[in-house]
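S.K.: The structure under discussion is supplied below as structure tokens; questions concerning it will follow.
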């Protein structure tokens, strides 16, 4: 984030980055164990356990250990309307990309919503997508990306590494509960990387998680409705 990331001395920034890796590592470990041992309804995953495992530890760490404001992880109303417009625009692009993936998977565009759509309906599915987007963006972009760019001072490095870590975050669900295979699985990883990298750039340029969250919601809904 151009104007919101403060410069720090080399020893301090290295420490910030190393501590971020430790926090992220514990979060991924706990999430992987949860995914392996528990098969709870999707609403429990997204509304209860993912915020508990992803969001709360980040907020607690930033406020109590780093003693910084939540604006340091992109939780701010800065550039609100610009962020909304950008988020909606990029979200639409990802939705179109999902249609192409759908056509490749089925040989034509075919709407086959996931079971959660049949169970919860469109409104609840949208809330589930928003909850997922908030938790994952707070961790992967708000916390991981910002701390990497503080420590390394390189936008491309921070965006790439934080995106790889974002992809790793999805390995537990792919390993234990996803039915994606073959070309569609490959496209999932590629799109996940593109999504993560684009959202890192959006956070950097807007200083807010609003645009990344909106883009993420669009992609979640795309996967849910026709992938």
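Derivation of every value follows stated rules applied to the coordinates shown; laboratory data play no part. Small disclaimer: the values here were computed from a predicted structure and weren't measured. Counting neighbours? That spans all protein chains shown, and the Cβs are built from the backbone with ideal geometry, glycine included.
S.K.: Beta carbons within 10 angstrom, averaged per residue: use that to sort the peptides 122-130, 189-197, highest first. Show your work: numbers first, answer last.
M.R.: Working: 122-130: 16.2, 189-197: 17.9.
Top of the packing list down: 189-197, 122-130.
S.K.: Additional query: Could you give P(r) for the stretch 58-97, binned at 10 Å from zero, as whole percent values over all Cα-Cα pairs?
M.R.: Bin by bin from 0 Å, the calculated values are 26, 31, 28, 14, 1.
S.K.: Neighbour counts of other C-beta atoms within 10 Å: give me 18, 137, 150, 66 arranged from fewest to most. All intermediate terms of the calculation are to be shown ahead of the outcome.
M.R.: Numbers: 18 11, 137 30, 150 21, 66 15.
Ranking 18, 137, 150, 66 by Cβ neighbours within 10 Å, fewest first, gives 18, 66, 150, 137.
S.K.: Peptides 72-84, 201-213: what's the order by average Cβ count within 10 Å, highest mean first? All intermediate terms of the calculation are to be shown ahead of the outcome.
M.R.: Values: 72-84: 17.6, 201-213: 24.7.
Per-residue mean Cβ counts within 10 Å order the peptides as 201-213, 72-84.
S.K.: Also: With label points built 7 Å along Cα→Cβ from the Cα atoms of residue 155 and residue 84, find their separation and express it in nm.
M.R.: Label at residue 155, label at residue 84, 2.6 nm between them.
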